[in-house]
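The values are calculated or read from the model by the stated rules, or taken from the named source; none is laboratory data. Quick caveat, the model's predicted, so the values are computed rather than measured. Heads up, the Cβs are rebuilt from the backbone with ideal geometry, glycines too, and the neighbour counts pull from every protein chain shown. When the accessible area is computed, the model is the full protein with side chains, heavy atoms only, and any ligands, DNA or RNA have been set aside. Shrake-Rupley method; radii C 1.70, N 1.55, O 1.52, S 1.80 Å.
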Amino acid sequence: MENANQMDENSIDINFSFTEDTANYWKGYWNDEMGRATVDPDAYSKTLKRYHKLLWSKKLPNGEYLDLIESNAKDYLLWNGFRFGSDSITASFRYNKYRYMIKNFMSTCPDYKEFMEQYTKLTYTIGGSIIFPKRKGGINQSRGCNAYIRDRFDLTLECIRLYYNKKENPLNELLKKEKDFFELFVDFRGYIDFFYLQDLVSEDYSSVKFFIGDGEFNVNPLPKTVEEYSVWLNKQMEFVKKRNTRIENR
């Protein structure tokens with residue numbers, strides 16, 4: 001694959017995995033049988049930051065023009081008083097408290113290492129990333145810690161939909177603090193279209209298409225069975241591929 005850093009500075013390669021320009025990403029990845037990295041492309045991939053700047057520097061639904069400026073690691077991307085950080089849309093829940101599920105999944109997966117490496121490379125293409133306002137305890141951090149969300153982007157998106165509809169949700173107080181950000185997109189449709197998330201909502205934008213479950217906010221909304229975990233991983237990959245296509249055809 002052509003190195004993204006050798007391409008035109010204004011082009012986006014939807015097949016480029018940000019694991020490739022994140023130094024030492026794969027070093028020690030399999031020291032743990034579940035497989036996990038100690039460095040984060042959201043923080044260290046220069047290509048990912050450049051792609052975010054290129055993709056989201058465009059006219060906003062409210063009529064303003066988002067013109068992002070690359071900054072240091074702390075500020076990442078800046079515009080008009082906003083600080084933005086990169087966040088991954090996907091999650092595989094590979095941590096110790098969920099190890100029992102990963103081990104059960106391993107027993108059903110013909111080549112777990114190959115599958116998880118392919119999953120990781122795909123989900124770290126641009127279709128698997130988004131930006132949120134960056135602050136301590138912000139959306140990126142809080143959606144991972146909230147017991148009703150647990151880093152599920154589909155449930156995060158449902159919270160955003162409910163917020164626009166002025167309905168309560170597990171992230172409601174936090175989203176209210178980001179009122180200035182969400183007003184940039186006018187409404188839920190504007191937010192979805194701006195970030196190329198159409199494949200996660202119904203045709204009329206009235207509902208979210210959940211990777212698993214029905215969107216109920218229950219404590220510990222992680223997959224409960226190996227079959228459900230497999231569906232979770234594969235539906236995320238399917239979504240990233242579709243979003244990459246939308247980005248390529250934008």
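Counting helices only, and only those DSSP H runs with n ≥ 4, report the 222 nm mean residue ellipticity of the chain as the sum of -39,500 (n - 2.57) divided by its residues, in deg cm²/dmol to the nearest 500.
Value at 222 nm, helices only: -11500 deg cm²/dmol.
Please list 3J(HN,Hα) in residue order for the range 236-248, calculated via the Karplus relation 6.51 cos²θ - 1.76 cosθ + 1.60 where θ = phi - 60°; whole Hz, with x for glycine and proline.
5, 4, 4, 5, 4, 4, 5, 5, 4, 5, 4, 5, 5
Return the loop-located GluC sites (Glu not before Pro) in the range 111-197 (DSSP other than H, G, I, E, B) with at most 14 other Cβ atoms within 10 Å of their own Cβ; answer none if there are none.
For GluC sites (Glu not before Pro) across the range 111-197 that sit outside H, G, I, E and B with at most 14 neighbouring Cβ atoms in 10 Å, the list reads Glu168.
Let's test the formula: R0 of 41 Å, r as the Cβ-Cβ distance of Lys241 and Ser71. What FRET efficiency results, to the nearest 0.05? Write down the numbers at each step before the final one.
Working: r = 31 Å, r/R0 = 0.75.
Taking R0 as 41 Å, the efficiency between Lys241 and Ser71 is 0.85.
Could you tell me what fraction of 2.2 N^0.38 Å the Cα radius of gyration of the range 14-114 comes to, as a two-decimal ratio? Intermediate values should be presented prior to the final figure.
Working: Rg = 17.6 Å, N = 101, 2.2 N^0.38 = 12.7 Å.
Against the empirical 2.2 N^0.38 Å value, I get 1.38 for the range 14-114.
In debye, nearest 20: dipole of the chain around its Cα centre with unit charges on the Cβ of K, R (+) and D, E (-)?
640
Rounded to the nearest 10 Å², what accessible area does Arg189 have for a 1.4 Å probe in the complete protein model?
110
In what sequence, largest accessible area first, do Cys109, Cys145, Cys159 appear using a 1.4 Å probe?
Solvent-accessible surface, decreasing: Cys145, Cys109, Cys159.
Please list, or write none, the aspartates and glutamates whose alpha carbon is within less than 19 Å of the alpha carbon of Lys97, excluding same-chain residues fewer than 8 places away.
Result set, ordered by chain and number: Asp32, Glu33, Asp151, Glu227, Glu228.
Can you spot the lysines whose alpha carbon is less than 18 Å from Lys177's alpha carbon? Ignore those fewer than 8 places along the same chain.
Of all the lysines, those that pass the test against Lys177 - Cα under 18 Å, at least 8 places apart if same chain - are Lys134, Lys136, Lys166, Lys167.
Magnitude of the Cβ-charge dipole of the range 210-250, K/R +1 and D/E -1, about the Cα centre, nearest 20 debye?
The dipole magnitude comes to about 340 debye.
In nm, what is the difference between 0.36 nm times the number of residues separating Asn10 and Gln141 and their Cα-Cα distance?
On the way: separation 131, 0.36 × 131 = 47.16 nm, distance 3.01 nm.
Using 0.36 nm per residue and subtracting the Cα-Cα distance, I get 44.1 nm.
Select from Tyr163, Ile247, Tyr119 the residue farthest towards the positive end of the dipole of the chain; place +1 on Cβ of Lys and Arg, -1 on Cβ of Asp and Glu, and compute about the Cα centre.
Tyr163
Find, among the chymotrypsin sites (Phe, Trp or Tyr not before Pro) in the range 1-96, those assigned to loop by DSSP (not H, G, I, E, B) with at most 16 other beta-carbon atoms within 10 angstrom. Numbers along the way, then the final one.
Details: sites: Phe16, Phe18, Tyr25, Trp26, Tyr29, Trp30, Tyr44, Tyr51, Trp56, Tyr65, Tyr76, Trp79, Phe82, Phe84, Phe93, Tyr95; in loops: Phe16, Phe18, Tyr25, Trp26, Phe93, Tyr95.
Passing both the DSSP loop test and the Cβ count: Trp26, Tyr95.
Quick one: putting +1 on the C-beta of Lys and Arg, -1 on the C-beta of Asp and Glu, what dipole do you get for the range 25-158 around its Cα centre, in Debye to the nearest 20?
300
Amide H to amide H, which residues 5 or more places from Val201 or on other chains are under 5 Å from it, using H placed in the peptide plane?
Correct list: Lys209.
Residue-wise, which Karplus ³J(HN,Hα) couplings in Hz belong to the range 41-52, taking 6.51 cos²θ - 1.76 cosθ + 1.60, θ = phi - 60°, and x for glycine or proline?
After applying 6.51 cos²θ - 1.76 cosθ + 1.60, I find x, 4, 9, 10, 7, 5, 5, 4, 4, 5, 5, 4 Hz.
Taking the Cβ of Tyr196 as the center, what net charge do the other residues with Cβ under 12 Å away carry, scoring Lys and Arg +1 and Asp and Glu -1? Write down the numbers at each step before the final one.
Values: positive: Lys58, Lys242, Arg243, Arg246, Arg250; negative: Asp193, Asp199, Glu248.
It works out to a net charge of +2.
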